[in-house]
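The values are calculated or read from the model by the stated rules, or taken from the named source; none is laboratory data. The structure presented is a predicted model; accordingly, all values stated were derived computationally and were not measured. For neighbour counting, all protein chains shown are included, and Cβ atoms are generated from backbone atoms with ideal geometry for every residue, glycine included. Ligands, DNA and RNA are excluded from the accessible area calculation, which covers all protein heavy atoms including side chains. Shrake-Rupley method; radii C 1.70, N 1.55, O 1.52, S 1.80 Å.
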Amino acid sequence: MNIKAIIFMLILALQNITSIVVAQNREKDSLLLILKTQKDDTNKVNTLAHLCWNLFKTSSYDTAKLIANEGLLLAQKLKFKNGEKKLYSRLGIICDYQGNPYDAITFQQKNIAICKEQGDEYGVAKAYTNLGLIYTNLGNYPEALRYHFMSLQIKEKIKQTKDLDNVYNNMGIVFDYQKNFKEALKYYTLALKIREKKNDIAGLSESYNNLGILYFLDGKIDTALSYQEKSLGLKKTLGDLYGEATCYTNIAAIYHEQKQYDKALNYTLKSKELYEKIGFTEGVANATMDIGTIYIENHKFIKAKQYIIEGLKISKEIGNKQSIITALHHLSLVDSLLGNYKDAYTHYKLEMTYKDSLFNEENIRNSTQTQLQYEFDKKQTADSLLVAEERKITAIQLKQEKTQRYTLYGGLVLVSLFGAFMFNRFKITQKQKIIIEEKEKVTEQQKLLIEEKHKEITDSINYAERIQRSFLATKELLDANLNEYFVFFKPKDVVSGDFYWAATSSIQDSKLKIQNEDTVLNSKTSSSNLFYLATADSTGHGVPGAIMSLLNITSLEKAIETETAPHLILNKTRTIIIDRLKKDGSAEGGKDGMDCSLLVFNKENNVLQIAAANNPVWIVRASTSLSPQKGTGTLSEAEVPQVIEIKPDKMPVGKHDKQDIPFTLHEIQLQKGDVIYTLTDGFPDQFGGEKGKKFMSKNLRELLAANAHLPMHEQKQLLETTFANWKKDVEQVDDVTVIGVRV
């Protein structure tokens with residue numbers, strides 16, 4: 001078709017587009033009026049079928065489906081088979097457009113059963129075509145080709161050629177998806193020639209679109225863009241929202257290839273909006289993932305991952321393997337770019353699993369065998385008719401020997417042709433196999449690279465854990481300075497933001513300072529009689545938290561070189577941390593630090609001094625009370641646990657609005673049997689239990705108080721069991737530290 005003819009068709013279509021829309025609305029209104037006066041008979045079934053199709057053509061898919069179901073129920077009630085098969089076919093098409101392929105297949109199969117029962121071969125052929133389209137959308141290409149070839153066989157058999165262009169076009173699409181460009185171009189060209197003869201604008205727009213895709217995949221970008229723009233113009237003229245959205249998607253892909261990402265994003269957003277408008281779920285999934293890939297090119301990896309995950313979720317809901325493979329591939333890529341190598345490897349393995357089921361050699365062989373079988377059956381049928389005709393002629397003119405000779409020659413020619421055809425197919429299959437093997441090599445290299453990176457990261461984290469462990473309070477130091485104790489330390493990751501630290505004083509014969517600077521202890525205390533124990537939660541967890549914990553520990557060690565009282569140590573530590581973090585590059589200097597409780601044990605007078613930043617300290621002390629003795633009515637003394645809570649200052653050890661306010665000193669005269677508990681917020685903040693709520697500090701305090709009489713190792717075991725039973729399958733939210741010390 002020449003350019004002038006196309007321009008003429010476009011002008012004619014533009015002149016009539018308004019009248020087409022008005023006509024469709026008028027037809028819908030007319031059908032609704034007719035329905036009000038009709039009885040429940042076959043005429044009403046036909047009216048409902050017409051109304052359903054009218055609504056479908058105006059993209060009112062949900063309403064069309066409701067009307068179709070109403071008509072189907074009436075047709076079944078009346079046992080009106082023609083109405084049933086018509087409505088089954090239309091329900092199948094509607095469900096396919098809505099992204100519900102499995103219902104679509106069921107409706108088409110029911111349509112086929114009635115058509116076969118009635119001997120309606122053309123109806124069977126049309127249903128086969130619809131099934132071929134559905135299986136193409138599902139990515140099951142061998143099954144799609146099988147149904148298209150079956151449809152073509154029937155139509156050629158009954159000499160029904162009016163819509164052969166659609167069959168050729170659909171077969172071209174399947175070969176296109178399998179990257180068999182030669183076969184795809186062959187069938188697309190057959191379809192285009194028929195549509196040019198028919199002056200079919202809708203068909204031409206589809207052929208232009210498909211040829212645009214084919215040339216794009218073949219690397220001919222300018223030709224591809226030209227065809228897509230032709231197709232888009234015709235789709236807009238026809239008011240075809242689905243086709244328009246498809247063209248937007250394809251044009252976006254071309255601009256993406258040319259690295260014009262702003263244009264690509266603009267066209268992709270247009271396509272997503274149209275797919276959402278018409279309720280085409282598969283299109284929404286693919287457009288969403290396309291947006292994610294464009295953000296990858298713009299180095300907006302977090303935003304890209306959000307869109308790709310959304311697209312993967314939609315693809316899984318509709319069971320589209322091709323879309324799932326695409327989403328998993330891009331997730332693996334973006335996780336690698338973000339440094340999430342473990343997640344990248346997981347998504348890569350899932351991608352390979354889906355690929356094996358869709359693109360293995362068995363699928364390619366099946367589709368090739370389907371095509372060979374069709375060509376062979378077609379030639380065999382033609383040759384059989386020729387031989388039969390020749391036998392009639394030779395029965396009159398030739399002897400039996402001559403007939404047998406012709407038959408033998410015909411057989412040899414058929415075998416030679418078939419052998420040549422098989423050899424050609426074999427060469428194509430071998431080329432496809434080589435391509436697949438090359439892709440597998442690339443994939444294996446990527447897998448090895450990801451595994452190597454994962455090992456490097458794992459080894460680095462394990463090494464960091466050994467370094468961090470060397471800064472924690474050693475068992476030897478704790479055993480030398482505490483009678484009975486336990487440490488329940490459970491990091492969220494390999495390394496931790498929580499830490500516990502201990503030391504003895506480095507100042508000889510210093511006086512212990514109290515919050516009131518006018519008051520000091522009367523006696524001097526040797527450094528050998530002071531023992532420091534800190535339980536702290538650094539900002540963050542994992543690797544960042546571990547690095548911060550090392551800074552906090554070294555700051556504590558620096559502070560005790562000049563201070564002995566816990567509140568003064570925390571004041572000094574805070575100053576050191578703020579000064580060290582001034583160089584972090586932020587405008588105001590780093591706001592990181594730690595929540596901490598610092599205990600100072602005086603072994604000479606059994607006095608405990610405490611300073612606490614955000615983390616409380618609990619002391620459980622046994623006290624006696626009078627209670628009735630069972631069976632006698634007399635009173636006896638019983639031990640009741642008393643909890644002394646040292647409330648912390650509501651500020652961290654680090655940069656804060658209250659950083660100029662000194663920490664508070666608390667002083668407790670310890671008694672024999674007292675149990676002191678320090679902790680971070682990890683245990684109370686853990687989600688779990690039947691309702692998925694936090695454990696809470698109140699429950700932990702009551703648990704410790706009720707079991708403070710137990711040996712310390714049993715208390716630790718109790719905490720471990722309680723935490724595991726509470727958390728169960730819920731992810732651990734933070735590092736956990738609880739320390740108990742018995743006086």
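Taken over the range 134-170, the residue count meeting the criterion of being more than 32 Å from the chain's Cα centre (by Cα), of a type outside the set (Val, Ile, Thr) and outside any loop (DSSP other than H, G, I, E, B) is 16.
Name every residue in the range 462-480 that is polar (S, T, N, Q) and either open to solvent by less than 50 Å² (accessible area, probe 1.4 Å) or under 13 Å from Ser549 (Cβ atoms) (or both), in order of residue number.
Step one: of the range 462-480, the residues polar (S, T, N, Q) are 462, 468, 470, 474.
Those that are polar (S, T, N, Q) and either open to solvent by less than 50 Å² (accessible area, probe 1.4 Å) or under 13 Å from Ser549 (Cβ atoms) (or both): Gln468, Ser470.
Residues in the range 339-353 that are open to solvent by less than 60 Å² (accessible area, probe 1.4 Å), in contact with a helix residue (DSSP H, G or I) (Cβ under 6 Å, 6 or more places away or on another chain) and aliphatic (A, V, I, L, M): Ala344 only. Select from the range 156-184 the residues that are in contact with a Leu (Cβ under 9 Å, 6 or more places away or on another chain) and among the aromatic types (Phe, Trp, Tyr) and write down the one among them that is surrounded by the fewest Cβ atoms within 10 Å (Cβ to Cβ). For the range 156-184, the residue satisfying everything is Phe181. Restricted to the range 105-119, and to residues there that are over 40 Å from the mean Cα position of the chain (by Cα) and open to solvent by less than 40 Å² (accessible area, probe 1.4 Å), the residue that is nearest to Ser151 (Cα to Cα) is Cys115. Summed over the range 81-104, residues that are surrounded by fewer than 19 Cβ atoms within 10 Å (Cβ to Cβ) and at pLDDT 90 or above total 3. Exactly one residue out of Val640, Val730, Val738 is in contact (Cβ under 8 Å) with a residue 40 or more places away in the chain and not in a loop (DSSP other than H, G, I, E, B), and it is Val738.
The combined condition, being surrounded by fewer than 22 Cβ atoms within 10 Å (Cβ to Cβ) and closer than 27 Å to Ser323 by Cα, is not fulfilled by Gln153. Each residue in the range 591-649 was checked for being modelled with pLDDT under 90 and among the β-branched types (Val, Ile, Thr), and 4 pass. Kindly evaluate Leu190 against the criterion of being closer than 19 Å to Thr136 by Cβ, in contact with a Leu (Cβ under 7 Å, 6 or more places away or on another chain) and open to solvent by 60 Å² or more (accessible area, probe 1.4 Å). Judged against the criteria, Leu190 is not a match. Within the range 643-691, the set of residues being surrounded by fewer than 15 Cβ atoms within 10 Å (Cβ to Cβ), farther than 24 Å from Val620 by Cβ and small (Gly, Ala, Ser) is empty. For the range 306-321, taking the residues that are open to solvent by 40 Å² or more (accessible area, probe 1.4 Å) and not hydroxyl-bearing (Ser, Thr, Tyr), the one that is nearest to Thr136 (Cα to Cα) is identified as Lys321. Residues in the range 213-246 that are closer than 28 Å to Tyr61 by Cα, small (Gly, Ala, Ser) and buried (at least 20 other Cβ atoms within 10 Å of the Cβ): Ser231, Gly243, Ala245. Which one of these does Gln732 not meet: (1) modelled with pLDDT of 95 or more; (2) open to solvent by less than 40 Å² (accessible area, probe 1.4 Å); (3) not hydroxyl-bearing (Ser, Thr, Tyr)? Condition not satisfied by Gln732: (1). The residue of the range 700-712 that is surrounded by the most Cβ atoms within 10 Å (Cβ to Cβ), among those that are out of contact with any Ser or Thr (no Cβ under 7 Å at 6 or more places or on another chain), in contact (Cβ under 8 Å) with a residue 12 or more places away in the chain and closer than 21 Å to Lys647 by Cα, is Ala708.
Of all residues in the range 445-461, those satisfying the criterion of being surrounded by fewer than 11 Cβ atoms within 10 Å (Cβ to Cβ) and within 18 Å of Met352 (Cα to Cα) are Gln445, Leu448. Residue pairs whose Cβ atoms lie under 7 Å apart, sitting 6 or more positions apart in sequence or on different chains, and linking a residue in the range 92-104 that is in contact (Cβ under 8 Å) with a residue 40 or more places away in the chain and in a helix (DSSP H, G or I) to a partner that is of a type in the set (A, V, I, L, M) and open to solvent by 30 Å² or more (accessible area, probe 1.4 Å), are Asp96/Leu133. Regarding the range 215-225, can at least one residue be identified that is of a type in the set (Gly, Ala, Ser) and part of a helix (DSSP H, G or I)? Yes, the range 215-225 has at least one match.
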